[in-house]
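This report refers to the structure that appears directly beneath it.
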Amino acid sequence: MKDRKTLFIIFGATGDLAQRKLYPALFNLYQKGFLKDKFAVIGTARRPWTNEHLQEVVRNSVADMEYSALEINQFASHFYYQSHNVTDTQHYETLNKLADQLDKKYDIGGNRIFYLATSPAFFGTIAKHLRTQKLVTENGYNRLVIEKPFGHNLKTAKDLNDSISKYFDEKDIFQIDHYLGKEMVQSIYAIRFANPIFSSLWNNRYISNIQITVGEVLGVEERAGYYENVGALRDMVQNHILQLVSLLTMNAPVAYNADDIEREKISALKSLKIYEPDEVSRNFIRGQYGPAYGMPAYREESQVSKDSMTETFVAGKIQVNNMNFADVPIYIRTGKRMAVKGTRIDVVFKDMPNNIFSNEKLNPNVLTINIDPNPGTSLRLNEKEVSETSYPVSSVTMNFRYSSALKAKTPEAYEKLLFDVIKGDATNFVHWKEVEYSWKFIDAIREAWDQNGQDPAIFPNYECGSMGPREADELLIRDGNYWEFNPLR
């Protein structure tokens, strides 16, 4: 069914997220016919914009998408603007009048999606006013979409969840983690549960370790003020990386649907081993980038303290204590100013129990899932080399990579997730219990770091353009392992 009836109300419509992600995503849905004649968008923010100015901003945000000016103008004509103070009750009354007018004009039927692209500090206030000022309709669906960061620790996350859940049922709250909209992240389900060759081997009897690398080549850029109070552990590990861990270690769901997948992801995150303070120092390390190649150190960035102890890199060993993954180390690393940008998973299988080729060293089989920027999978195997006089064995790799044409037509993460919200499909969203168990794990690490302190002279401890501090390598070497992904090797 195409041409979905929907009224979007975007709080924070003048911001970077809306312009870079939301407007292009909605335009793609419009081009594909999922949004056509019976939708409208109200943008709200503090700035004194007009309908015409917002429409111009929307046109500019999709100008490089190679469609005709007529198509872009028709799309932009569905956008309306209201200057709005989220704490002012009267503004919600005005907003409701505009929403009712557009509902009638476009025959939307009371369906509303409230997208909170604002500071989380306003989530509870907005949710309350949406309910008390009757923007929540009785004759259609009403869905609330929220962005990260969801709290600064477990306590603030719980307070935030309580402030929203007073006014919206959990089934109507869609917490976005854009990693869950990436094509290769969603492919993890198919790799694991549609292939007997992997499904039967996906456990601690056959897997040696799992490695997750999320590298960024950029520094903190204009986010320095925000990042200084957050750091890599909260910014990347608590959400994106632990979501990947849950997909890789969850038990098989009964079916591919939101309820079954939510249950198994929660179970996996509940099984995370919470480290004691002395265990944190053995299993997690942190880093901060220094200068190299003409790039400044983190402490030289604008809005950053000269003796800042904020980590721009984290590496760690995670343990999931369920039946299938007990004793399988999951190594993770993420950081700013690394050698390469990309997200990659390496599943390393155990060695043969008996190597009959006694003169040959066998490399482990490795399944690699490249999430971005070059989506695809590869499998490293051992095969015989061509030889008449001996039996040499070496590694070969079977590769699948998205072609340029396939990459070009692959929906961007926000496009897929917005369409899921329209459909009411919560399969690829984050649920409160997942957030709760993630924060329990992260808080133990953060509290240990805060209690133990660290000499400011230790930072910076890795150069821009490297793969992080040497301790990240030693974390694996100590277990007899090594990073499979090393572009500098």
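The values are calculated or read from the model by the stated rules, or taken from the named source; none is laboratory data. These numbers were taken from a predicted model, which means no experiment stands behind them. Quick reminder, even Gly has a Cβ in these numbers, built from the backbone with ideal geometry, and neighbours come from all protein chains shown.
Only one entry of Tyr106, Tyr92 meets the criterion of being crowded, with 18+ Cβ neighbours inside 10 Å, of a type in the set (Ser, Thr, Tyr) and either more than 14 Å from Arg46 (Cβ to Cβ) or in contact (Cβ under 8 Å) with a residue 24 or more places away in the chain (or both), and that entry is Tyr92. When Tyr256, Tyr293, Tyr289 are checked against the criterion of being touching a strand residue (DSSP E or B) at 6+ places or on another chain (Cβ under 9 Å), hydroxyl-bearing (Ser, Thr, Tyr) and modelled with pLDDT of 95 or more, a single residue qualifies: Tyr289. Of the residues Thr427, Thr389, the single one that is of a type in the set (Val, Ile, Thr), under 28 Å from Ser163 (Cβ atoms) and outside any helix (DSSP H, G or I) is Thr427. Checking the stated criteria, Gln175 turns out to be outside the structural domain of Arg112 (by TED's automatic domain parsing) and either among the charged types (D, E, K, R) or more than 18 Å from Val348 (Cα to Cα) (or both).
Could you please find all residues in the stretch 109-155 being part of a helix (DSSP H, G or I), aliphatic (A, V, I, L, M) and either in the same structural domain as Asp88 (by TED's automatic domain parsing) or closer than 30 Å to Asp3 by Cα (or both)? Within the stretch 109-155, Ala121, Ile126, Ala127, Leu130 meet the criteria.
Scanning the stretch 3-62 for residues that are farther than 21 Å from Lys105 by Cα, without any contact (Cβ under 8 Å) to a residue 40 or more places away in the chain and β-branched (Val, Ile, Thr) returns a single hit, Val62. Taking the stretch 226-271 as the range and being closer than 25 Å to Arg299 by Cβ and basic (Lys, Arg) as the test, only Arg234 passes. Restrict the check to the stretch 231-241 and report whether at least one residue is within 24 Å of the chain's Cα centre (by Cα) and surrounded by fewer than 17 Cβ atoms within 10 Å (Cβ to Cβ). The answer is no; no qualifying residue exists.
Determine whether Asp37 is among the acidic types (Asp, Glu) and under 21 Å from Phe419 (Cα atoms).
Spelling it out, Asp37 is indeed among the acidic types (Asp, Glu) and under 21 Å from Phe419 (Cα atoms).
Checking the stretch 457-469 against the condition returns no match, with no residue being assigned by TED's automatic domain parsing to the domain that holds Ile285, assigned to a helix (DSSP H, G or I) and either touching a residue at least 24 places away in the same chain (Cβ under 8 Å) or of a type in the set (S, T, N, Q) (or both). Filtered by the rule that a residue be surrounded by 22 or more Cβ atoms within 10 Å (Cβ to Cβ) and either part of a loop (DSSP other than H, G, I, E, B) or charged (D, E, K, R) (or both), the stretch 311-328 gives Glu311, Thr312, Phe325, Val328.
Selection of the stretch 249-298 for residues being part of a helix (DSSP H, G or I), touching an Asp or Glu at 6+ places or on another chain (Cβ under 7 Å) and of a type in the set (Lys, Arg) yields only Lys265. A single entry from Tyr179, Tyr167 fulfils the requirement of being under 25 Å from Gln319 (Cβ atoms), modelled with pLDDT of 95 or more and not charged (D, E, K, R): Tyr179. Candidates are the residues of the stretch 1-46 that are in a strand (DSSP E or B) and among the aromatic types (Phe, Trp, Tyr); the one that is farthest from the chain's Cα centre (by Cα) is Phe39.
Within this structure, Arg286 passes the test of being crowded, with 16+ Cβ neighbours inside 10 Å, among the basic types (Lys, Arg) and closer than 25 Å to Thr249 by Cβ. With respect to Leu418, determine if the residue is of a type in the set (A, V, I, L, M, F, W, C) and surrounded by fewer than 13 Cβ atoms within 10 Å (Cβ to Cβ). No: the conditions fail for Leu418. Taken together, Thr125, Thr132 contain a single residue that is more than 29 Å from the chain's Cα centre (by Cα) and either on the phi < 0 side of the Ramachandran plot or modelled with pLDDT under 95 (or both), which is Thr132.
Rundown of residues vs (1) farther than 26 Å from Pro411 by Cβ; (2) part of a helix (DSSP H, G or I); (3) assigned by TED's automatic domain parsing to the domain that holds Gln133; (4) over 31 Å from the mean Cα position of the chain (by Cα), yes/no style:
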| residue | (1), (2), (3), (4) |
| --- | --- |
| Pro48 | yes, no, yes, yes |
| Val58 | no, yes, yes, no |
| Phe75 | no, yes, yes, no |
| Thr87 | yes, no, yes, no |
| Asn96 | yes, yes, yes, yes |
| Asp107 | yes, no, yes, yes |
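When the residues of the stretch 156-173 are narrowed to those that are part of a helix (DSSP H, G or I) and basic (Lys, Arg), which ends up surrounded by the most Cβ atoms within 10 Å (Cβ to Cβ)? So the residue we want is Lys158.
Scanning the stretch 130-172 for residues that are touching a strand residue (DSSP E or B) at 6+ places or on another chain (Cβ under 8 Å) and of a type in the set (Val, Ile, Thr) turns up Val136, Thr137, Val145, Ile146, Ile164.
From the list Phe150, Phe122, exactly one residue is in contact (Cβ under 8 Å) with a residue 12 or more places away in the chain and more than 18 Å from Trp432 (Cβ to Cβ). Which is it? I'd like the intermediate steps shown before the answer.
Details: Phe150 fails: more than 18 Å from Trp432 (Cβ to Cβ).
The conditions single out Phe122.
Residue selection: Val220 satisfies the criterion of being buried (at least 17 other Cβ atoms within 10 Å of the Cβ) and modelled with pLDDT under 95. When restricted to residues that are surrounded by 14 or more Cβ atoms within 10 Å (Cβ to Cβ) and either at pLDDT below 95 or within 21 Å of the chain's Cα centre (by Cα) (or both), the stretch 365-381 contains 8. Taking residues in the stretch 425-442 that are over 11 Å from Ala157 (Cα atoms), and partners anywhere that are aromatic (Phe, Trp, Tyr) and surrounded by fewer than 21 Cβ atoms within 10 Å (Cβ to Cβ), not one pair has Cβ atoms closer than 7 Å while being at least 6 places apart or on different chains.
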